[in-house]
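Q: Shown below is the structure under consideration.
The values are calculated or read from the model by the stated rules, or taken from the named source; none is laboratory data. Just so it is clear, the structure is predicted and the values come from calculations on it, not from any experiment. Note that each Cβ is placed from the backbone with ideal geometry, even for glycine, and that neighbours are counted across all protein chains shown. Remember, those area values only see protein heavy atoms, side chains included, never the ligands or the DNA or RNA. Shrake-Rupley method; radii C 1.70, N 1.55, O 1.52, S 1.80 Å.
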Amino acid sequence: MPPKWARKILAWSCPKDSLEEVQGDLLELYNYWLETEGEREANKKYILNAIRLQRPFSKVQGKPSIKFNMSAMLKHFSVVAYRNVMRSRSFSLINIVGLSLGLASSLMILLWIMHERSVDNFHTNNTQLFRVYTNFTNQGQIMDAGYNTPAMLPAELKKEIPEIEYATGFVKYFRLSLQDDIYETFRVGDKIEKLKGSRAEKDFFKMFDYKLLAGSAENALTGPQSLCVSRKMAELLFGSADNALGKTVLFDGRKDLIVTAVFENVPNISTDQFDYLMNWDAWVKENPFKQSWGHFGTLSYIQLRPDADWKKVENKMKGFLKSRLGGMTADRKIELGLQRFGDQYLHSKFENGIPTSGRIEYIWIFSGVAALILFIACINFMNLATARAVDRSREIGIRKVVGSSRKNLIWQFISEATLFTFLAVILAVGLVHLFLPWFNELTGKDISLPFGNPYFFLILPLLVIMMGLLTGSYPAFYLSSLKPTKILKGSFVFGHGAVFFRKGLVVVQNVMSVLLLIATLVISRQTNFIQSKNLGYDKENLVYIPLEGDLISKYSIFREEASIMPGIKAVDRCSQFPHAMSFRLPAVEWPGQDPNMMINFALASVGYDFVKVMNLKLIEGRDFSREVKADSTNFLVNEEAVRQMRLKQPVGQQITVFDKKGSIVGVLKDYHTNSLRESIDPIVLDVKEHLNFGTILIRTQPGQTKVAMESLEKICKKINPSYPFLYTFLDEQYGKLYKSEEVISRLANVFAILAIVISSLGLFGLAIFSAEQRKKEIGIRKVLGATLGNILSKFSFDFLRLVFLGSAIAIPISWYVMKGWLQNFAYRIDLAWWIFGLACLITVIISLMTIAMQAVKVGLKNPVEALRTE
């Protein structure tokens, strides 16, 4: 007898109706082989033939192979899918447009997220790069946390901690105005350019992947006259990058620098943007206050050795400043911490002394938005595909009667869904390519489709397959389960479970749409609020001019001449930009001060007319006056400073700021010196009109800005001819504080509209489905005298219930989410009830319009058409 296991294999795969015949034939052959060739050869041939009869290998004379049948089946599915697409062009168009809009929206959001995540993560040694931050602690409570460190810290860290391979300082705020939008002047022959740059230590180009076009990383920043320039700067001053190396540049009209390296323009995925770098040690030497450990105004970057544990290094660094700073106790201390360099862009907001949040919140928000929009588009497809099931029910029944298996029907529907998805993906990529320039302008990015990335062409087919399976799964499994007897008898009606499921999908769609709409309204209102809120000063018609060159020594002449020029109302100066006073220190002392209290005051030196230029309000005391000589040592404070110092009678109170003693002569009404994300700072102002840094403030006459700027340009060219005339408007600078919020607001507006449009398509699909299911009911109602209005109200009521249910679910969810988002702002709008009501009303109106279109179409049909089959 043949081997038992071989007979079992044959019985396992052979159809029951032909098993006996096949076994008999093969047994006869076995007996013949046994007589002629022996048992061993007979067993061998029996086993081989049993294997050959298995499905992947079997061939029956005169019939195609299974492989051929599979290819034929796929071809058949494709042909049927194509015919169904062409037969129902309107449905197909709605399906493809809905899916493509969802895919295009999600793809653009994905590209934006990828770009955001790539910022500062392009350096080769990124896993070893870290940024140092500081925590100011008093009585166990973290009073302040940030990235400002002493200028001498990087070199000392590298010297004292062996795990640190490289270290560098970097400074954005190289003037006390503490703004990184400071441009300095460079001259080569007759060419004068204002460019933005920084100072860095000699390890800088060893740590970071800023490509050097000329020069070497070892020698780029070693000398006191070293100047490293970008390709852009080299081309502006020398015509090309090749001509720049070794050339001399006059900096700030006072110092010759030598170009020691040329680097490629800094990519936009770097938070540190600069056109040049100068030697760190020379800069520190020129500014003696930078040599103090108590001066925190620079950034510190380090690179660890590959085998170093950054947590252990952080523990070593924690108390590094204790022996270098005076006044440090167990209760009052400044500790150092480390953050991965690549995380600084997305995690720059400190919570409990650790940078954990920030722009990463927007990444999560828009990841959710992309998922919501894509899910809405998928729900649309399911609803529209099921709505067409009534038309295709007879096709399904006939296919089943003639022998089509459920598996074949499932693959038929999934193949159709895959075809739709393929067309939608192609259209979506085209839409993204078409709208990317607009999207880049909207977001301020430089995003492009990654056609050069092979993974992109791997992701697209996977996306087609996944979306095809997802969108085709419900129609495929549900419709293939229908019984052919009921279908062909004409009694096919979807059950309550199927109807409930589809209505549930519409409710989910509506929840998502209302969520996005409420979020859009809240973000837009908050953005408008921070742009239009009364800041305590007048930001309109206020111009900044940097104090540089001869304007420093001739400021008094400039002020006197400018004050009488056409279009100019008032002139003054300030050591910081008034709208963004980042220089804060616990440097104020007063009688009765709690020794355990540590308050960071916003400190600024101004001219005598600062209050007048800024249109600030005095609520107590008086303004500075040139007639009072003692005012050169006196101070103005704001209400918040009075509150935090707990002064009952502030005017006349003696205070000390650094080593300067004087009296408070006036109290200013609180005004904002930073963005509305932060609370109002306690402010202390003193008078210094001889500082060699800061900015000039000019208040122009309303409606005469052009005349005023022409006047200012003439004076600047006369007094400061070696420097180009440069100015900015305060309202423009203020707007930059909220650039992120503006971008998010615009994105929210766009994607909320798209979500509502896609959701409306889904509701339209369900309306078509419902109309098909109820056409006989509507026909009977018309025969019995129902009017179009009766039919419209009856038809709309069922859908409005879904809309109201979705809105009711969305309101508490959106309230919770948006309340959390608004917590990022110290000054924010209230979540008024009408915001939620307006979002629901908009949704209801759009839904009614969508439903009414189909209801009117069905209501106008001749009832005979619906009843003639009865």
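Q: Where nothing but the Cβ of Lys and Arg (+1) and of Asp and Glu (-1) is charged, how large is the charge dipole of segment 291-338 around its Cα centre, in debye to the nearest 20? It would help to have the intermediate numbers written out before the result.
A: On the way: 9 positive and 5 negative charges, 25 e Å.
Dipole magnitude for segment 291-338 comes out near 120 debye.
Q: Additional query: To the nearest 10 degrees, how steep is helix 406-443 against the longest Cα principal axis of the chain, on a 0 to 90 scale?
A: Once rounded, one gets 20 degrees.
Q: Shape call for segment 305-362 from the C-alpha gyration tensor, a ≥ b ≥ c root eigenvalues: rounded (a/c under 1.5), prolate (a/b greater than b/c) or oblate?
A: On the way: a/c = 3.24, a/b = 1.42, b/c = 2.29.
Verdict is oblate for segment 305-362.
Q: Here's a follow-up. For segment 230-315, which trypsin sites (Lys or Arg not before Pro) pass both filters: DSSP loop (anything but H, G, I, E, B) and at most 11 other C-beta atoms within 10 Å?
A: Details: sites: 231, 232, 247, 254, 255, 285, 290, 311, 312; in loops: 247, 254.
Those that pass, being in a loop and sparsely packed, are 254.
Q: What list of ³J(HN,Hα) values in whole Hz, one per residue of segment 560-576 in order, does the Karplus curve 6.51 cos²θ - 1.76 cosθ + 1.60 (θ = phi - 60°) give from phi, with Gly and Pro shown as x?
A: For segment 560-576, the Karplus-derived couplings read 5, 5, 5, 5, 9, 7, x, x, 10, 9, 7, 9, 7, 9, 7, 6, 10 Hz, x marking Gly and Pro.
Q: At a Förster radius of 22 Å, what calculated FRET efficiency corresponds to the Cβ-Cβ distance of residue 159 and residue 286, to the nearest 0.05?
A: Approximately 0.45, to the nearest 0.05.
Q: Can you flag which of 445/718; 312/819; 617/736; 172/819 are past 29 Å Cα-Cα?
A: Working: 445/718 40 Å; 312/819 38 Å; 617/736 25 Å; 172/819 34 Å.
Going by Cα-Cα distance, 445/718; 312/819; 172/819 fall outside the 29 Å limit.
Q: Taking loop as defined by DSSP and a crowding limit of 11 other beta carbons within 10 Å, which GluC sites (Glu not before Pro) in segment 623-694 fit?
A: Numbers: sites: 627, 639, 640, 678, 689; in loops: 627, 678, 689.
Qualifying residues, ordered by number: 627.
Q: May I pose another question? Toward the positive end of the charge dipole of the chain, about the Cα centre and with charges on Cβ (Lys, Arg +1; Asp, Glu -1), which of 682, 381, 523 goes farthest?
A: Value: 381.
Q: How high is the relative contact order of segment 173-302, in percent, with contacts defined as C-alpha pairs under 8 Å that are six or more residues apart? Please list the in-between numbers first.
A: On the way: 229 pairs, mean separation 38.3, N = 130.
Here the relative contact order equals 29 percent.
Q: Can you pull a Stokes-Einstein diffusion coefficient for segment 798-854 at 25 °C (0.890 mPa s), Rh from Kirkwood over Cα pairs, as a whole number of µm²/s?
A: Working: Rh = 12.8 Å.
In µm²/s, the coefficient is 192.
Q: Please give, to one decimal in nm, the separation of the simple spin-label points placed at residue 612 and residue 832, each 7 Å out from Cα toward the Cβ.
A: Using points 7 Å along Cα→Cβ, the separation is 4.0 nm.
Q: Amide H neighbours of residue 727 under 5 Å, counting only residues 5+ apart in sequence or on other chains, H built in-plane at 1.01 Å?
A: Hits under the 5 Å cutoff: none.
Q: Helix-derived [θ] at 222 nm for the chain: sum -39500 (n - 2.57) over DSSP H runs of at least 4, divide by residue count, nearest 500?
A: Working: 27 runs with 438 residues, N = 870.
Using -39500 (n - 2.57) per qualifying helix, the result is -16500 deg cm²/dmol.
Q: Ordered by packing density, taken as the mean number of other Cβ atoms within 10 Å over each peptide's residues, highest first, how do 742-749, 349-356, 592-599 rank? Don't jump to the answer; show the numbers that get you there.
A: Values: 742-749: 18.9, 349-356: 15.5, 592-599: 11.9.
Taking the mean over residues of other Cβ atoms within 10 Å, the ranking is 742-749, 349-356, 592-599.
Q: Here is a further query. Treating only the Cβ atoms of Lys and Arg (+1) and Asp and Glu (-1) as charged, compute the dipole magnitude of segment 204-255 about its Cα centre; round to the nearest 20 debye. Before the final figure, lay out each step's value.
A: Values: 7 positive and 5 negative charges, 24 e Å.
Computed charge dipole of segment 204-255: roughly 120 debye.
Q: Right, something else. If you project the alpha carbons of segment 520-653 onto their three principal axes, what span does each projection cover, largest first, in Å?
A: Principal-axis extents of the Cα atoms in segment 520-653, largest first: 54, 50, 28 Å.
Q: Another question, if that's okay. Tell me which residues come under 5 Å, amide H to amide H, from residue 570 once H is placed; ignore anything under 5 positions away on its chain.
A: 699
Q: Placing unit charges on C-beta atoms (Lys and Arg positive, Asp and Glu negative, everything else neutral), compute the dipole magnitude of the chain about its Cα centre in debye, rounded to 20.
A: Numbers: 103 positive and 81 negative charges, 762 e Å.
Dipole magnitude for the chain comes out near 3660 debye.
Q: Oh, and also: Non-local amide H neighbours of residue 165 (under 5 Å, H modeled in plane, Pro and chain starts lacking H): which ones?
A: 303, 304, 305
Q: A further question follows. Which distance in Å, rounded to a whole number, links the C-alpha centroids of segment 288-314 and segment 597-661?
A: Cα centroid to Cα centroid, the span is 35 Å.
Q: Another question, if that's okay. Sort 166, 723 from largest to smallest accessible area, using a 1.4 Å probe on the heavy atoms of the protein chains. Present the calculation step by step, with values, prior to reporting the outcome.
A: On the way: 166 55, 723 20 Å².
Order by accessible area, largest first: 166, 723.
Q: Compute the convex hull volume of the Cα atoms of the chain, divide it by the residue count, and report the result per residue in Å³ as a whole number. Don't skip to the answer; put the middle values down first.
A: On the way: hull volume 228.2 nm³, N = 870.
Roughly 262 Å³ of hull volume per residue.
Q: Let me ask you something else. Provide 262, 429 ordered by accessible surface of protein heavy atoms (probe 1.4 Å), highest first. Display every interim value, and only then the final one.
A: Working: 262 0, 429 25 Å².
Largest accessible area first, the residues go 429, 262.
Q: Moving on. Given the options 298, 270, 474, identify the residue whose Cα lies farthest towards the positive end of the charge dipole of the chain (+1 on Cβ of Lys, Arg; -1 on Cβ of Asp, Glu).
A: So the residue furthest toward the plus end is 474.
Q: Next question. Would you mind giving the three semi-axes, in whole Å and largest first, of the ellipsoid equivalent to segment 398-444 according to its Cα gyration tensor? Write down the numbers at each step before the final one.
A: Working: eigenvalues 351, 11, 6 Å².
So the three semi-axes of segment 398-444 are 42, 7, 5 Å.
Q: Next question. Probe of 1.4 angstrom, ligands and nucleic acids ignored: what's the accessible area per residue over the chain, in square angstrom?
A: Numbers: 41630 Å² over 870 residues.
Accessible area per residue: 48 Å².
Q: Mean projection of the alpha-carbon convex hull of segment 608-751 over all orientations, in nm²? Please report the intermediate quantities before stating the final value.
A: On the way: hull surface 50.9 nm².
For segment 608-751, averaging the hull's shadow over all directions gives 12.7 nm².
Q: Have a look at 42, 238, 536 and report the one farthest towards the positive end of the charge dipole of the chain, computed about the Cα centre with Cβ charges (Lys/Arg +1, Asp/Glu -1).
A: Farthest towards the positive pole: 42.
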